[in-house]
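The next block holds one structure in the form of structure tokens; read it before the comments.
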Amino acid sequence: MPNLPALSLLLCVLLWPPMSPAQDREPATTPTTPPDTMVPPAPAWLEALDALYDQRIRVAGLEDRRFAPEQWWSLAGPLASDSRGFRSERIGRSAEGRPLRYVSWGEGDTRVLLWSQMHGDESTASMALADLFRFLGEHPRHPLVQRWRRHTSLHFFPIVNPDGAARFQRRNAQGIDINRDARALATPEGRALHDLRERLQPRFGFNLHDQDVGTRVGDTGRGTAIALLAPPYNQAREVDAARARAIEVSVAIRAALEPYVAGRIARWDDTFNPRAFGDLTAQAGVSTILVESGGIEGDLQKQQLRKLNFLALAAALDAIATGAHAGLPHAAYRELPENGSSWADLRISGGTLVLPGRAPARADLVLEFDDALLERGATVLDIGDLAGRPARRTIDATGLYIVPVAIAGSDGSAGVHAIAPRARAYFHLSRDPQGREIVWTLAGDVDPDQPAPARD
Ligand SMILES: [Zn+2]
């Protein structure tokens, strides 16, 4: 007869620890290395290209991520001249009549189509494409450039949405989100992209965007620096040969970025969207890769992310040119955590709210900014007990009063800015409820010289 207590003890030992979820659940503040044993090593050329980038690839004049499309072309156009092996063509006009320009380079058989900034306020990849033009044109004997020239032809449609870019807004001048226009083709910009793809029949497509800076990696507290997606081509999200190639190229990108932003690379939601260009391009049989630049704290103009975009594209193009993507482990893509929740930008915690004609009340505020990195254009999201609501930054207002900012009308009338959900955020933090001893003011934008109250 078996010894039952001993057997159950043995089973306990065998089954312990209990099965744990694949994703880590570290506390928000601890940087961790994700399970990365399946990630291939970074390319051997990465360090040298990184150093070259700083000295001789980064294009000057794009230090501010808000730039007019005309400014971008005045810098990037000469870098992509005929004498440097580029061909340029106008392929349409935007809703407001701005030229839509397409640039190609390379002599190889594998056609690659790259498009950027179809959302006008998502400029990170456009900056990196200017750098890529410079690399291709000014370093013709670089081994990477030689390989790419021989094996690929690169087809660029930078700044798909120049009217939106001119205003730094998402939508085009018709108010339409071009990335929901892939099926209807009601926008001239969407039609130009669609027609270019039909004409080229590329093997690979790169769909280059920026995403919300507040988005976290999976259920961690880490902000997503870069999110990747090999978009599905049907509702069932099946993987055919074309999508498998896109997954492999995504792994090549991850391998190059891992030394910089390990644990801050996520996977974009892969629900099939038949109105989105990435998904419809995948449906057309193109191995499509979505690259979404998120945020890196302190990288206010996304210049670090710009470099990471350049290095990511270099890794992807080299994997395509050499065929080295074949056989890269899909697990290194699949096991990336998905984009998780989005954190608010700023929480003012522990203060006491003083509204005209109301008794003072203990209340936290949670805010979001139009520009999360530069903290410009604040709107109140919520008021009350918000201790459990995570935010990218918290100001401790314990012992301080939140008092309205006065509005002086030109006709001599007086009032105060509302402090209310969905209102623009204008308020003082004061040591007293009357607002005599003001220690900090938020007037829509955070003053970069005084980002938080001085506490003594
Ligand atoms: Zn976008």
From the residues in region 171-190 that are of a type in the set (A, V, I, L, M, F, W, C) and assigned to a loop (DSSP other than H, G, I, E, B), which one is most open to solvent (accessible area, probe 1.4 Å)? 184
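Identify the residue in region 419-456 that is part of a strand (DSSP E or B) and open to solvent by 60 Å² or more (accessible area, probe 1.4 Å) and, among all such residues, is nearest to residue 379 (Cα to Cα). Give the derivation first.
To start, the set of residues in region 419-456 that are part of a strand (DSSP E or B) comprises 424, 426-430, 438-443, 445.
Those left that are additionally open to solvent by 60 Å² or more (accessible area, probe 1.4 Å): 424, 426, 438, 445.
Working: 424: 4, 426: 9, 438: 21, 445: 10 Å.
By that ranking, first place goes to 424.
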Do we have any residue at all in region 296-304 that's within 14 Å of the ligand (Cβ to nearest atom) and either modelled with pLDDT under 95 or at negative phi (or both)? no
Please find, among 265, 159, the residue that is over 21 Å from residue 333 (Cβ atoms) and open to solvent by less than 10 Å² (accessible area, probe 1.4 Å). 159
For residue 224, the lone unmet condition from (1) within 16 Å of the ligand (Cβ to nearest atom); (2) open to solvent by less than 10 Å² (accessible area, probe 1.4 Å); (3) touching a Leu at 6+ places or on another chain (Cβ under 9 Å) is (3)
For residue 187, the lone unmet condition from (1) within 16 Å of the ligand (Cβ to nearest atom); (2) in contact with a strand residue (DSSP E or B) (Cβ under 7 Å, 6 or more places away or on another chain) is (2)
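Name the single residue that is nearest to residue 434 (Cα to Cα) among those in region 384-418 being β-branched (Val, Ile, Thr) and open to solvent by 50 Å² or more (accessible area, probe 1.4 Å). Talk me through it step by step, then tell me what you get.
As a first pass, look at region 384-418 and keep what is β-branched (Val, Ile, Thr): 394-395, 398, 402-403, 405, 407, 416.
Then drop every residue that is not open to solvent by 50 Å² or more (accessible area, probe 1.4 Å), which leaves 394, 398, 407, 416.
Values: 394: 24, 398: 16, 407: 16, 416: 13 Å.
The selected residue is 416.
So if I check each of 136, 154, 132, 113, which one is hydrophobic (A, V, I, L, M, F, W, C), touching a Pro at 6+ places or on another chain (Cβ under 7 Å) and either in contact (Cβ under 8 Å) with a residue 24 or more places away in the chain or open to solvent by 50 Å² or more (accessible area, probe 1.4 Å) (or both)?
Details: 136 fails: touching a Pro at 6+ places or on another chain (Cβ under 7 Å); 154 fails: touching a Pro at 6+ places or on another chain (Cβ under 7 Å); 132 fails: touching a Pro at 6+ places or on another chain (Cβ under 7 Å).
The unique qualifying residue is 113.
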Would you confirm whether any residue within region 191-204 is more than 13 Å from the ligand (Cβ to nearest atom), within 19 Å of the chain's Cα centre (by Cα) and part of a strand (DSSP E or B)? no
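Run down 300, 355, 374, 336 and say which single residue is outside any strand (DSSP E or B) and more than 28 Å from residue 452 (Cα to Cα). Show your work before the answer.
Details: 300 fails: more than 28 Å from residue 452 (Cα to Cα); 355 fails: more than 28 Å from residue 452 (Cα to Cα); 374 fails: more than 28 Å from residue 452 (Cα to Cα).
One residue alone meets the criteria, 336.
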Residue that is farthest from residue 181 (Cα to Cα) [pool: residues in region 100-133 that are within 16 Å of the ligand (Cβ to nearest atom) and assigned to a loop (DSSP other than H, G, I, E, B)]: 123
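Inspect region 162-169 for any residue being within 16 Å of the ligand (Cβ to nearest atom), polar (S, T, N, Q) and without any contact (Cβ under 8 Å) to a residue 60 or more places away in the chain and give the result as yes or no. Working first, answer last.
Within region 162-169, the first condition is being within 16 Å of the ligand (Cβ to nearest atom), and the residues that meet it are 162-165, 167-169.
From what is left, the residues that are polar (S, T, N, Q) are 169.
Retained after the next criterion (residues that are without any contact (Cβ under 8 Å) to a residue 60 or more places away in the chain): 169.
Checking region 162-169: at least one residue is within 16 Å of the ligand (Cβ to nearest atom), polar (S, T, N, Q) and without any contact (Cβ under 8 Å) to a residue 60 or more places away in the chain.
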Where the second residue is in a loop (DSSP other than H, G, I, E, B) and the first is open to solvent by 70 Å² or more (accessible area, probe 1.4 Å) and lies in region 48-61, which pairs have Cβ atoms under 8 Å and are six or more apart or on separate chains? 56/139
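The values are calculated or read from the model by the stated rules, or taken from the named source; none is laboratory data. Fair warning: this is a prediction, and the values are worked out from it, not measured in the lab. Cβ atoms come from the backbone with ideal geometry, glycine included; neighbour counts cover every protein chain shown. Remember, those area values only see protein heavy atoms, side chains included, never the ligands or the DNA or RNA. Shrake-Rupley method; radii C 1.70, N 1.55, O 1.52, S 1.80 Å.
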